[in-house]
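Take a look at the structure set out below.
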Amino acid sequence: MISLKHIAVAVAVAIAACLSSWLLAPLPAASAADLQPPAAPKIRWQDGMRAVVGHVVVLPLPEPVSRVVVGDPRVADYRLISRTELYVLGKSVGTTNFLMWRQSGPPVSLTVKVGADLAPLAESLKTALPRELDIELTMASGSVVLRGSVADIGAADAALQLAQAYTRQLNRYLASSAGGSASSGASAAVAQPSASPGVGGSSSSGAPPAGGASGQSQVINLLRIRDAQQVMLDVRIAEVSKSLLDKLGLQVQAAGGGDIRWNVLSNFLGGGGATAGLLFSNGNAINLEAEKQDGLVRILAEPTIVAMSGQEGSFLVGGKVFIPITQSVGTGGTAVTLQEREFGVGLKFVPTVLDGGRISLKVAPEVSEISKESVKTGATLLPAFTTRRVSTTVQLQDGQSLVIGGLVRNSTTANRNAFPILGEIPILGALFRSNQFVADLTELVVVVRARLVQATEAPPNLPTDGVLPPTRREFFIDNKLQGAKPAPDTPAGDRNASP
């Protein structure tokens with residue numbers, strides 16, 4: 001009887017025999033294709049390539065070349081490292097081409113476009129304006145182009161200033177590299193002598209560079225503001241002027257006869273005031289002139305104007321005066337020209353909306369009027385103007401008010417006219433002198449208030465909405481110049497109906 005132990009031994013021997021036969025079996029013969037290394041990808045001739053100013057590019061060539069010629073050595077330079085490798089160096093912004101002679105076939109033309117390295121400018125923009133992620137940088141005709149959108153005009157100005165600083169540095173680099181291109185090319189040719197005809201040659205051995213590109217790089221700003229913001233400016237110009245005049249004068253006329261005749265005539269009247277006099281029977285007279293004037297002038301102007309951020313807004317309510325000016329002409333004569341002069345309530349301002357709701361204002365309000373006093377030039381009377389003008393640049397938050405100008409003027413004038421010696425006599429000296437006292441007090445304040453506004457669908461209220469023409473009854477019978485508001489159910493055509 002066969003035991004389980006004998007069965008296990010037999011199974012183990014069978015498994016070992018199978019494994020040994022499989023391990024000792026010969027491997028299949030490899031084919032010739034499997035033993036060859038993988039073929040390298042085939043290189044094709046390129047129609048064009050891009051390079052960067054100051055950077056080197058190594059271009060592999062699909063075929064050996066024997067000669068290379070560059071169209072404009074001011075834009076790009078080359079060197080044959082080997083017959084199948086071309087070293088290309090960008091020298092200035094522009095476009096040129098390489099003409100390469102190969103061993104089989106006609107020459108091959110390769111267009112090379114050289115641009116500026118915009119990575120440093122992009123990094124500067126990212127650092128200075130971390131929130132502006134929509135700014136795009138490109139090159140066009142040798143100039144840096146700013147595209148995209150920014151939040152406000154301040155960010156647009158900052159991006160433009162950074163781009164201008166970059167182009168200035170780029171232009172300095174191009175100017176310095178153009179000055180030393182000939183010497184650097186010659187030294188490079190000596191340092192790397194050619195191993196075979198055509199290898200190691202460069203454009204320095206041909207025509208030397210002509211001194212860099214013909215024009216300098218500039219900045220083309222195509223940035224736009226994402227949310228065009230509008231600013232409403234309220235300006236209040238308040239002025240109060242007070243004047244005081246006190247005047248006193250005396251006129252004495254006396255005469256006497258006898259052995260010695262005498263005559264006294266004292267006239268210290270200023271004119272224009274109230275006069276009181278005494279006339280005696282003998283022809284003597286005493287006239288007393290006294291005047292007191294109190295004046296008050298109040299001026300309040302409140303112009304309001306709306307403009308977009310970064311744009312100028314102007315406002316004028318008044319008129320124009322043409323002032324004749326005499327000028328000399330070439331023939332020795334004179335010609336009269338008219339110069340325009342505006343007056344009234346005017347306002348000019350340029351708002352700039354900054355981040356955080358801040359508003360920068362360049363504002364110049366003005367209130368002017370024709371003075372009652374004129375200027376006489378020869379036989380011509382020219383008008384004189386009284387002007388209040390402020391021009392400044394301030395910064396404030398949305399809805400804030402700021403006093404941008406103020407004036408307090410206190411002017412006092414005292415005059416005394418007297419007859420020498422006689423005017424100094426106590427009591428009686430009043431007959432031989434006159435006194436005048438003038439005081440002017442002016443207070444002026446200019447206040448501005450800026451607000452961010454948007455257009456509304458509802459029409460605003462107009463000052464003429466509450467002014468209605470009167471009916472015939474209201475005008476002729478009730479003696480009214482303005483009509484009363486009609487009842488809601490009264491047709492509009494009944495306003496001019498006959499009573």
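The values are calculated or read from the model by the stated rules, or taken from the named source; none is laboratory data. All figures in this text were calculated on a predicted structure; none of them were measured in a lab. Here the Cβ positions follow ideal geometry from the backbone for every residue, glycine too, while neighbour counts run over all protein chains shown. SASA here: full protein model, heavy atoms, side chains in, ligands and nucleic acids out. Shrake-Rupley method; radii C 1.70, N 1.55, O 1.52, S 1.80 Å.
Take the conditions closer than 30 Å to residue 363 by Cα, in a loop (DSSP other than H, G, I, E, B) and either open to solvent by less than 50 Å² (accessible area, probe 1.4 Å) or out of contact with any Phe, Trp or Tyr (no Cβ under 9 Å at 6 or more places or on another chain) (or both) and apply them to residue 443. Does it pass? The answer is no for residue 443. Taking the range 79-93 as the range and being open to solvent by less than 20 Å² (accessible area, probe 1.4 Å) and either within 40 Å of the chain's Cα centre (by Cα) or under 13 Å from residue 57 (Cβ atoms) (or both) as the test, the residues that pass are 86, 88, 90, 92.
Could you go through the range 442-465 and let me know if any residue there is on the phi > 0 side of the Ramachandran plot, more than 33 Å from the chain's Cα centre (by Cα) and not small (Gly, Ala, Ser). No, because not a single residue in the range 442-465 is on the phi > 0 side of the Ramachandran plot, more than 33 Å from the chain's Cα centre (by Cα) and not small (Gly, Ala, Ser). Does residue 59 fit the bill of being modelled with pLDDT under 70 and of a type outside the set (Gly, Ala, Ser)? Here the answer is no, as residue 59 does not meet what is asked. Taking the listed residues 146, 170, the one that is in a helix (DSSP H, G or I) and at pLDDT 80 or above is 170, with no other qualifying. Within the range 54-74, the set of residues being touching a Lys or Arg at 6+ places or on another chain (Cβ under 7 Å) and open to solvent by 10 Å² or more (accessible area, probe 1.4 Å) comprises 62, 63, 64, 74. Among the residues of the range 104-117, not a single one is part of a strand (DSSP E or B), among the polar types (S, T, N, Q) and open to solvent by less than 20 Å² (accessible area, probe 1.4 Å). Going through (1) open to solvent by 50 Å² or more (accessible area, probe 1.4 Å); (2) in contact with a Pro (Cβ under 9 Å, 6 or more places away or on another chain) one by one, residue 390 falls short only on (1). So in the range 94-103, with the set limited to residues that are open to solvent by 10 Å² or more (accessible area, probe 1.4 Å) and in contact with a Leu (Cβ under 9 Å, 6 or more places away or on another chain), which one is nearest to residue 49 (Cα to Cα)? Among those that are open to solvent by 10 Å² or more (accessible area, probe 1.4 Å) and in contact with a Leu (Cβ under 9 Å, 6 or more places away or on another chain), it is 97. When residue 125 is tested against (1) outside any helix (DSSP H, G or I); (2) in contact with a strand residue (DSSP E or B) (Cβ under 8 Å, 6 or more places away or on another chain), just one condition goes unmet, and that condition is (1).
For the range 350-384, filtered to residues that are in contact with a Lys or Arg (Cβ under 9 Å, 6 or more places away or on another chain) and of a type in the set (Ser, Thr, Tyr), the residue that is modelled with the highest pLDDT is 368. Residue selection: residue 360 fails the criterion of being farther than 30 Å from residue 308 by Cβ, small (Gly, Ala, Ser) and part of a strand (DSSP E or B).
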